[in-house]
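Working notes for the structure below.
The values are calculated or read from the model by the stated rules, or taken from the named source; none is laboratory data. Given the structure is predicted, the values throughout are model-derived calculations rather than measurements. Here the Cβ positions follow ideal geometry from the backbone for every residue, glycine too, while neighbour counts run over all protein chains shown. Each accessible area value is taken on the protein alone, full model and side chains, heavy atoms only, with ligands, DNA and RNA left out. Shrake-Rupley method; radii C 1.70, N 1.55, O 1.52, S 1.80 Å.
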Amino acid sequence: MKILVINAGSSSLKYQLLDSETHDLLAKGLCERIGIGGHIKHTPTGREAYSADINMPTHAEAIQTVLDLLVHPEHGVLNNVSEIDAVGHRVVHGGEEFANSVLIDDDVMKAMERCIPLAPLHNPANITGINACAAVMPGVPNVAVFDTAFHQTLPPKAFIFALPYEYYEKYKVRRYGFHGTSHRYVAERAAALMGRPLEELRLVTCHLGNGSSVCAIKNGKSIETSMGFTPLDGLPMGTRSGAVDSGILEFIMNREHLNISEMLTILNKKSGVLGISGVSSDFRDLDEAAAQGNERAKLAIDVFTYKVTKRIGSAAAAMGGLDGVIFTAGVGENSAELRAQIVDGLEFIGLKLDPEKNKTRGKEAIISTDDSPNKILVIPTNEELVIAMDTAEIVSKLKK
Ligand code: AMP
């Protein structure tokens with residue numbers, strides 16, 4: 001099946017066209033400045049990218065532009081848009097409503113709208129993308145794949161915050177976790193590489209990119225994860241603080257004369273490794289600055305890797321043992337130095353890194369020594385492929 005995968009933001013729309021049988025990427029692209037102009041970059045696989053300013057007042061025009069390019073005589077990859085069997089949408093928050101990917105109908109749309117207060121910036125944009133596809137591609141099934149769904153298997157002891165219980169009852173304040181499609185995909189690939197059934201494994205997946213989270217996956221199910229009610233919790237990230245002592249908030253707000261939304265902007269946009277280093281949110285810049293002797297860049301890297309190390313230990317404790325640790329996303333897939341720093345000292349839980357094998361970048365590999373009791377792996381994530389596969393599976397059942 002040919003599946004169009006859509007990740008809609010408030011003024012942007014990323015897309016990929018994938019073949020669910022061969023897993024081939026046929027084309028990908030990005031629409032930007034929707035509502036304030038419009039620009040598209042479209043790349044048919046193996047051919048030159050095409051960029052143009054095209055007016056896109058709404059997401060519907062953006063989708064129409066994507067379809068026009070997919071069948072374009074020069075830049076296209078399809079003869080007819082009717083070759084697209086279904087559309088898979090990335091949706092950030094499924095709350096407690098969705099533990100799996102679903103075919104979108106009126107009831108699902110209503111449930112997604114109920115989740116808007118949980119992700120007020122992201123879910124409305126995702127819903128706009130779905131409505132645009134429904135309008136421009138009538139009759140083509142739409143499937144929603146949620147970032148939170150994989151973590152719905154967390155037990156209450158892992159998802160309940162130690163706050164008055166009524167906040168959970170009244171407002172559903174709890175740990176949801178994010179990056180679910182990525183954690184799920186790399187765990188499945190790791191099991192295949194290890195040649196063992198996922199249902200027997202205790203894995204720690206480390207999604208380390210601009211946003212970062214660690215997940216404990218026991219017998220194929222997420223049982224603990226570092227992101228919480230929002231993606232601000234857990235590890236320090238590019239610009240996000242991760243978990244901090246909430247008592248700090250009032251202390252800083254009083255002294256810096258900030259209101260709560262200004263404080264949250266600082267926690268989301270000016271903290272993390274950017275905040276510590278004062279250099280950059282990008283780990284490549286930090287590596288470069290640290291190599292040139294910038295102490296705060298080095299400190300930012302040290303704080304980040306230390307917290308990832310601790311999270312791996314606590315994830316192993318949550319599972320009562322460990323079989324493998326997986327690194328993925330921008331930093332996890334590419335930075336041999338950070339991977340080495342993170343697992344340094346973790347021999348006591350059976351993780352022995354092979355420095356030669358660790359030199360790999362951006363491809364699937366086992367990077368632990370042959371005699372390491374537990375495995376260390378690098379698995380490039382592919383969230384779009386998961387969305388395409390889930391979509392194809394749901395839609396193929398429809399046709400039966
Ligand atoms: P992502 O959010 O998954 O796209 O990851 C983006 C992050 O990965 C950025 O901080 C990049 O600096 C980082 N990254 C990409 N390549 C490397 C590399 N070779 N070494 C260190 N960090 C990298």
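Remarks
- Selection from the stretch 137-169 of residues that are open to solvent by 40 Å² or more (accessible area, probe 1.4 Å) and within 20 Å of Glu83 (Cα to Cα): Pro138, Gly139
- Of the helices (runs of 4 or more DSSP H) lying entirely inside the stretch 147-251, the ones with 3 or more residues being in contact with a Phe, Trp or Tyr (Cβ under 9 Å, 6 or more places away or on another chain) are found at 180-194.
- Strands (runs of 3 or more DSSP E) lying entirely in the stretch 21-70 (those with 1 or more residues that are closer than 24 Å to Met1 by Cα and free of Cβ contacts under 8 Å to residues at least 40 places away in the same chain): 25-32, 39-44
- Inside the stretch 291-314, residues that are surrounded by 21 or more Cβ atoms within 10 Å (Cβ to Cβ) and within 16 Å of the ligand (Cβ to nearest atom) make up a count of 6.
- Criterion (closer than 18 Å to Asp233 by Cα, at pLDDT 95 or above, open to solvent by less than 50 Å² (accessible area, probe 1.4 Å) and in contact with a helix residue (DSSP H, G or I) (Cβ under 9 Å, 6 or more places away or on another chain)) met by exactly one of Leu258, Leu249: Leu249
- Scanning the stretch 32-44 for residues that are of a type outside the set (Asp, Glu) and surrounded by 13 or more Cβ atoms within 10 Å (Cβ to Cβ) returns Arg33, Ile34, Gly35, Gly37, Gly38, His39, Ile40, Lys41, His42, Thr43, Pro44.
- Within the stretch 179-190, considering residues that are under 11 Å from the mean Cα position of the chain (by Cα) and open to solvent by 10 Å² or more (accessible area, probe 1.4 Å), the one nearest to Ser226 (Cα to Cα): His179
- Residue pairs meeting the criteria (Cβ under 7 Å; at least 6 apart or on separate chains; first within 14 Å of the ligand (Cβ to nearest atom), in the stretch 265-289; second open to solvent by less than 50 Å² (accessible area, probe 1.4 Å) and modelled with pLDDT under 95): none
- Residue match in the stretch 212-225 (condition: open to solvent by 10 Å² or more (accessible area, probe 1.4 Å), acidic (Asp, Glu) and farther than 19 Å from Pro380 by Cα): yes
One line per residue, one yes/no per condition, for (1) of a type in the set (S, T, N, Q); (2) under 16 Å from the mean Cα position of the chain (by Cα); (3) within 16 Å of the ligand (Cβ to nearest atom):
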{"position": "Ala216", "(1), (2), (3)": "no, yes, no"}
{"position": "Ser222", "(1), (2), (3)": "yes, yes, no"}
{"position": "Gly247", "(1), (2), (3)": "no, no, no"}
{"position": "Met263", "(1), (2), (3)": "no, no, no"}
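- Qualifying residue in the stretch 324-339 (condition: surrounded by fewer than 17 Cβ atoms within 10 Å (Cβ to Cβ), over 17 Å from the mean Cα position of the chain (by Cα) and more than 16 Å from the ligand (Cβ to nearest atom)): no
- Check on Tyr176, on the phi < 0 side of the Ramachandran plot, open to solvent by 30 Å² or more (accessible area, probe 1.4 Å), among the hydroxyl-bearing types (Ser, Thr, Tyr) and modelled with pLDDT of 95 or more: no
- Scanning the stretch 227-238 turns up one or more residues that are touching a His at 6+ places or on another chain (Cβ under 8 Å), open to solvent by less than 20 Å² (accessible area, probe 1.4 Å) and closer than 22 Å to Arg184 by Cβ.
- Any chance Glu96 is of a type in the set (Asp, Glu), in contact with a helix residue (DSSP H, G or I) (Cβ under 9 Å, 6 or more places away or on another chain) and outside any loop (DSSP other than H, G, I, E, B): no
- Residues of the stretch 343-389 classified as in a helix (DSSP H, G or I) and surrounded by fewer than 16 Cβ atoms within 10 Å (Cβ to Cβ), total: 3
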